[in-house]
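Take a look at the structure set out below.
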Amino acid sequence: LVGPSGAGKTTIVQLLLRFHEPAEGAITVDGAPLARVPRASIRSVTGTVLQQPFLYSKRLRDNIVAGMEAGAADDARIAAAAGTACIHEAILAFPEGYATMVGEKGLTLSGGQRQRVAIARALVREPRLLILDDALSAVDAHTEASILAALRARAARQTRIIVTHRLSAVVDADLILVIDGGRVIQRGTHAELAQQPGLYRTLWEIQHLSDAELEALDA
């Protein structure tokens, strides 16, 4: 899901998780109305990562397994989730490793580290549906690409919904929905949308030009 701020992207996520009910129309999953599925059932198979994730004032390991039953995830599973989220090596670099205490709301970590810990927390549950709601905004482009590549290699039976302003995060998506003013104004793959006049191509050209300018400055 891509589009300008306030277009309605996060509202769609909230409707999927049944934080709100649609005023009209219906959402269906495999042909069944979502309204008939218990909220707890939906959320039990969904991993959601927000732009500003909440971390507890606990050990990093405890933050990653938060909400899971004791013993549900062993060290190997936790490390695998952290590796996919590109945070495993950073955690090992801390003197206490996974036993490192996180400050209140994760303030002892950088914004990118908080997001990656939250992604690891979602992945360790092995959800059937993974929602990243602008959850890569604080990481650099190289780390973003590494996380997305690892997700593609890891998940065999997982649906992923990525809400983002960075179009680089969705170039390999099976379907891109362009949202504006609460409506889907374009849909298709990156290759299709980049060739069509419209908001997506405009945003892509702006971001692509900005990236090229930054690379020129770095050179």
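Taking the square roots of 5 times each eigenvalue of the Cα gyration tensor of the stretch 33-105, largest first, gives ellipsoid semi-axes of 27, 14, 12 Å. Each Cα pair of the chain feeds into the Kirkwood radius, which the Stokes-Einstein equation turns, at 4 °C and 1.567 mPa s, into a diffusion coefficient of 69 µm²/s. Based on DSSP H runs of at least 4 residues, each adding -39500 (n - 2.57), what is the mean residue ellipticity at 222 nm of the chain after dividing by all its residues, to the nearest 500 deg cm²/dmol? The per-residue figure over the chain is -11500 deg cm²/dmol. In percent, rounded to a whole number, the relative contact order of the chain is 26, using alpha-carbon pairs under 8 Å and six or more apart. Counting every C-alpha pair in the stretch 68-161, the share spaced more than 16 angstrom apart comes to 55%.
The distance between label points at Thr189 and Ala40 comes to 4.2 nm (points 7 Å beyond Cα on the Cα→Cβ vector). Computed packing ranks the peptides 116-128, 19-31, 192-204 as 116-128, 192-204, 19-31, most packed first, by mean other Cβ atoms within 10 Å.
Couplings for the stretch 9-15, taken from phi via the Karplus curve 6.51 cos²θ - 1.76 cosθ + 1.60 with θ = phi - 60°, read 5, 5, 4, 4, 4, 5, 5 Hz in order; Gly and Pro are left as x.
Taken together, the values in this text are just the output of simple stated rules run on the coordinates, not laboratory data. The model shown is predicted, which means the values in this text are computed figures rather than measured ones. For neighbour counting, all protein chains shown are included, and Cβ atoms are generated from backbone atoms with ideal geometry for every residue, glycine included.
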